[in-house]
Amino acid sequence: MSPRACKRAVHSARWFQPVRLPLGAALFASGCSLSFAPGDEGAQPASWPEIASLSLGIRHACAIGPEDNVICWGANDYGQSAPPDIPMKLVAAGQVHTCGITLEDGRAVCWGSDRTGRADAPANEQFVSLSAGGGHTCGITRDRAVLCWGSWHYVPPLPLPFEPPSQGEFRQVTQGDAHGCALSVAGKVTCWGDYYAFLGAPESKIFERIDSGFSHVCGLTSAGEVECWGEPLNEPNIPAGSYVDVSAGNATCALRDDGSFVCSNVVDPPPGPMTEVVAGRHHVCGVHEGGGVQCWKQAGSDMEQELTPPPQLHRRR
């Protein structure tokens, strides 16, 4: 598959994959190949593996690497970068925990901090999508319901309602610091938790996908427009235009069909074209169209090791 065709496939089918069911859906994917620059020439693999998923947390990141294994790098003070040796098809990095969907049976498996129960995944449920947030994790089950575990990591006097939707059919869920949003099969957005993080959510728009930052939410409309709402820590400032993807962290990034992209609040982003751009709390990673992933800082961050994945994934530019 050509890089352009790969990008379109990722965009059109990134959130679902059948779990031995004819759902006609596909998993979230962050690009068709993964390699990193710069790196040690001698440590580079002979070929670059396809990647099923790439996700960024606060100070760590994880990707599905060779043989469907999860490879993480960055901070590991809570075990968030120490995945189990289980083949997986999706990974979702939260603040200090990480979850994945197993390749064999579609179960959710989590590791890292289990404070508030955020890593205590249900044992007998199958998922087609996951999103890890601050003190909680949510997923889309086989029957397209929203199922969450954990709770907000805040304590009184900051009580927040934890009330994900209990009715309806959904195709995507996304978690922020203390809020969550779900996208229905019809393209409508439902949010819960910290009201200020999703204040002003457009009710009349139809969305293709949504993504939560830590205090705001952005969505890609059916017309290819990017809209953001809530209280962003840094104003997104995404120019008007047509896009194929959007990602929100503390930065907000939007990808165009030709592989060019724009990001707010970042330092020296590399040139495109890219097939995917993913924003985390302090850094952003992009998948180069010709192969290779490159990570760069957001403004004001002091990250170093988080920008460099393990040697087996390095690639010299």
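Over segment 47-132, with every protein chain in place, what whole percent of the accessible area is carbon and sulfur at 1.4 Å, could you tell me?
Working: 1310 of 3090 Å².
The value for segment 47-132 is 42 percent carbon and sulfur by accessible area.
Excluding ligands, DNA and RNA, what is the solvent-accessible area per residue of segment 53-166 at a probe of 1.4 Å, expressed in Å²? Don't skip to the end; give the middle numbers.
Values: 4380 Å² over 114 residues.
Normalised by residue count, the accessible surface of segment 53-166 is 38 Å².
Amide H contacts under 5 Å for TYR243: GLU225, restricted to partners 5 or more places along the chain or on a different chain, H placed in the peptide plane at 1.01 Å from N.
Rolling a 1.4 angstrom probe over the protein heavy atoms, how many square angstrom per residue are accessible across segment 193-290?
On the way: 3700 Å² over 98 residues.
On a per-residue basis, 38 Å².
Of the solvent-accessible surface of segment 176-240, computed with a 1.4 Å probe over protein heavy atoms with every protein chain present, carbon and sulfur atoms account for 48 percent.
The values are calculated or read from the model by the stated rules, or taken from the named source; none is laboratory data. Being a predicted model, the structure only gives us computed values, none of them experimental. To get the accessible areas, we keep the full protein, side chains included, count just its heavy atoms, and leave off ligands, DNA and RNA. Shrake-Rupley method; radii C 1.70, N 1.55, O 1.52, S 1.80 Å.
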